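Report on one structure; see the data block that follows.
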Amino acid sequence: MAKTHLKMTVNGQEVETLAEPRELLIHVLRERLGIKGPHIGCETSHCGACTVDMDGKSVKSCTVFAAQAEGADITTVEGLGDPDNLHVLQEMFREHHGLQCGFCTPGMIIRAHRLLLENPNPSEEDVRFGMAGNLCRCTGYQNIVKAILAAAAEMNAAKEAAQ
Amino acid sequence: MIPGAFEYHRPESVDAAVKLLAELGEDSRVIAGGHSLIPMMKLRMADMSHLIDLQKIGDLKGIRVDGGTVTIGAMTTQHELIENAALQDAAPIMREAALQIADPQVRYVGTIGGNVANGDPGNDMPGLMQCLDATFTLVGPDGERQVAARDFYEAAYFTARTDEEILTAISFTAPKGGYAYEKQKRKIGDYATAAAAVLLSKDGDRCSAASIAMTNLSDTPVYSADAGAALTGSPLDDQAIKTAVAAALNDIEPAEDNRGPVAFKIHVAGVILRRAIERAWSRA
Ligand SMILES: Cc1cc2nc3c(=O)[nH]c(=O)nc-3n(C[C@H](O)[C@H](O)[C@H](O)COP(=O)(O)OP(=O)(O)OC[C@H]3O[C@@H](n4cnc5c(N)ncnc54)[C@H](O)[C@@H]3O)c2cc1C
Ligand code: FES
Ligand code: FES
């Protein structure tokens, strides 16, 4: 099947690549664009390790065809921060031990990012319900929830200080 | 998990999409959110030469509440159903059910049109649509027609929609009285072991109208007119609930699968339906 030109915005940069329509977005990101933050955990739409932010929604990139993503605006964990300049969520995951092996973490963080944009003052229950599409085999979730609540508090404090 | 190859189309109007479906024939399919279709294609249980993506068709989006009638465009996502304040006022059962579908990521992209057109008995919206007595609008080469949700489902993955038709909208009269959508599932992101949609009206201390439908307990959703009739006119006491549950269990035909044997499913169906009736009554 012929490859087609695919244009997307990924982490603020316009990118263009050749891909077959049937390729999954996760494969385009990892193999064609070298963006290895989003992981493949199950490839069956269940684990959320492949989560990216696409046009303002958290989506499982293993369940999106390349062709559907033409023209989309995508943010992966790489777009949030870098090692010298961590995003608050990354900082809080580190501080509160929100990870062990780290395999689920990029999906957790990009999902939590959208959750906090939609609900800047979540309760513990809101966080648990809003993160229900992301599985973690290591942590038992307790510290992930703690990290996200701490990030929300930090972000709100920073907002207040700025006012 | 690589699906078969296909050609991709992204029409910008319903007319253009209908034309493409007719031209490309039976090897073509529309794709909405893709969250039922893509998993099937990855498993190679579905194989298409052409996919017609509906994402760019503005006419298929949006929720309208107009003089007691609710109309929802097929491409409206489950997330949008949950967030819409006018819909919450007019038909809170929609939000209650949508929140029990899958997980946040799936709800951002899964659409109501895909959920009701799919024909999978595990989908939650078809039973709810039967409970609400909703109408589906289908558009094909010969124009538009309406089909009642209660007449739409024929067997698993077989519906009254023909291959050349697109489901453009669903509509229903905003329900009055008490409501509940109860679902038993093994974990978040799982389809129902059993689920029940119930609407009840109250007049004095009697039940004046009742509508009951169930999910994933037959190869189609099950609207149980007998269960509703058992409650109507009753004081909604234990005896009436027992009669209604027995009537509903008589209408279902669950199959054994990895969610359990038939006897277990019948048991769960009874428990879930009783809970739904009691909750709907407490809100009536
Ligand atoms: C992990 C996971 C868990 C899930 N759990 C649940 C659950 O608990 N309950 C539940 O109800 N669903 C569940 N789903 C399914 C999900 O809700 C789907 O999104 C939904 O069933 C289909 O909607 P879609 O927009 O993704 O449709 P698609 O997958 O794009 O389409 C499904 C089918 O409908 C056809 N179709 C779509 N739109 C139209 C249209 N407008 N006109 C004509 N035909 C059309 C397509 O051709 C295809 O055959 C789950 C999915 C996943 C991945
Ligand atoms: S890899 Fe996409 S959900 Fe698991
Ligand atoms: S930290 Fe290992 S899977 Fe979550």
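The values are calculated or read from the model by the stated rules, or taken from the named source; none is laboratory data. Note that the structure is predicted; figures quoted are calculated from it, not measured. Using ideal geometry, Cβ is built from the backbone for each residue, glycine included, and neighbour counts are taken over all protein chains shown. For accessibility, only protein heavy atoms count, side chains too; no ligands or nucleic acids. Shrake-Rupley method; radii C 1.70, N 1.55, O 1.52, S 1.80 Å.
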Using r as the Cβ-Cβ distance of residue A:16 and residue B:16, and R0 as 22 Å, what FRET efficiency do you calculate, to the nearest 0.05? 0.25
Isotropic mean projected area of the C-alpha convex hull, segment B:1-160 (nm²): 9.4
Length gain on complete extension for the stretch residue B:255 to residue B:2, per 0.36 nm per residue less the alpha carbon to alpha carbon distance? 88.1 nm
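Set the bar at 19 Å for Cα to Cα. Now go through A:3/B:56; A:57/B:185; A:7/B:19; B:185/B:242; B:187/B:265 and name every pair that lies beyond it. Could you put the intermediate results ahead of the total?
Values: A:3/B:56 22 Å; A:57/B:185 25 Å; A:7/B:19 27 Å; B:185/B:242 23 Å; B:187/B:265 16 Å.
Over 19 Å apart, Cα to Cα: A:3/B:56; A:57/B:185; A:7/B:19; B:185/B:242.
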Tell me the accessible surface of residue B:207 in square angstrom (1.4 angstrom probe, heavy atoms of protein chains only), to the nearest ten. 0
Scan around residue B:154 for amide H atoms under 5 Å from its own, H built in the peptide plane at 1.01 Å from N, and keep only partners 5 or more places away or cross-chain. B:159, B:160
With a ≥ b ≥ c taken as the square roots of the eigenvalues of the C-alpha gyration tensor of segment B:144-205, please select rounded if a/c is under 1.5 and otherwise prolate if a/b is larger than b/c or oblate if it is not? oblate
Interface residues in segment A:108-133 - accessible area drops by 50 Å² or more relative to the isolated chain, probe 1.4 Å: A:129
Roughly how many Å² of residue A:70 are accessible to a 1.4 Å probe, to the nearest 10? 70
Once amide H atoms are built 1.01 Å from N in the peptide plane, which residues 5 or more positions from residue B:7, or in another chain, come under 5 Å H to H? B:50, B:51
Calculate the translational D of chain A in whole µm² s⁻¹ from Stokes-Einstein, where the hydrodynamic radius comes from the Kirkwood formula applied to all Cα pairs, the temperature is 25 °C and the viscosity 0.890 mPa s. 151
Not counting ligands, DNA or RNA, and with a 1.4 Å probe, what is residue A:128's accessible surface area in Å² rounded to the nearest 10? 90
Residue-wise, which Karplus ³J(HN,Hα) couplings in Hz belong to segment B:190-205, taking 6.51 cos²θ - 1.76 cosθ + 1.60, θ = phi - 60°, and x for glycine or proline? 9, 6, 5, 6, 7, 8, 9, 10, 9, 10, 9, 10, 10, 10, x, 10
Report the label-to-label distance for residue A:3 and residue A:117 in nanometres (one decimal), using points 7 Å from each Cα along the Cα→Cβ vector. 3.0
Stick to Cα atoms and the Kirkwood definition of Rh, then tell me Rg/Rh for chain B. 0.98
Segment A:4-79, relative contact order [Cα under 8 Å, separation at least 6], %: 40
Once phi is turned into θ = phi - 60°, what whole-Hz ³J(HN,Hα) does the Karplus curve with 6.51, -1.76 and 1.60 give for every residue of segment B:123-130, x standing for Gly and Pro? 5, 7, 5, x, x, 4, 4, 5
Percent of Cα-Cα pairs per 20 Å bin, from 0 to the last occupied bin, for the protein assembly as shown, please list those. 24, 53, 22, 1
Once amide hydrogens are built 1.01 Å from N within the peptide plane, the residues lying 5 or more places from residue B:120 or on another chain with amide H under 5 Å from its amide H are B:157
Using θ = phi - 60° and Karplus 6.51 cos²θ - 1.76 cosθ + 1.60, couplings along segment B:222-230 (whole Hz; Gly, Pro as x): 10, 8, 10, 5, 5, 5, x, 5, 5
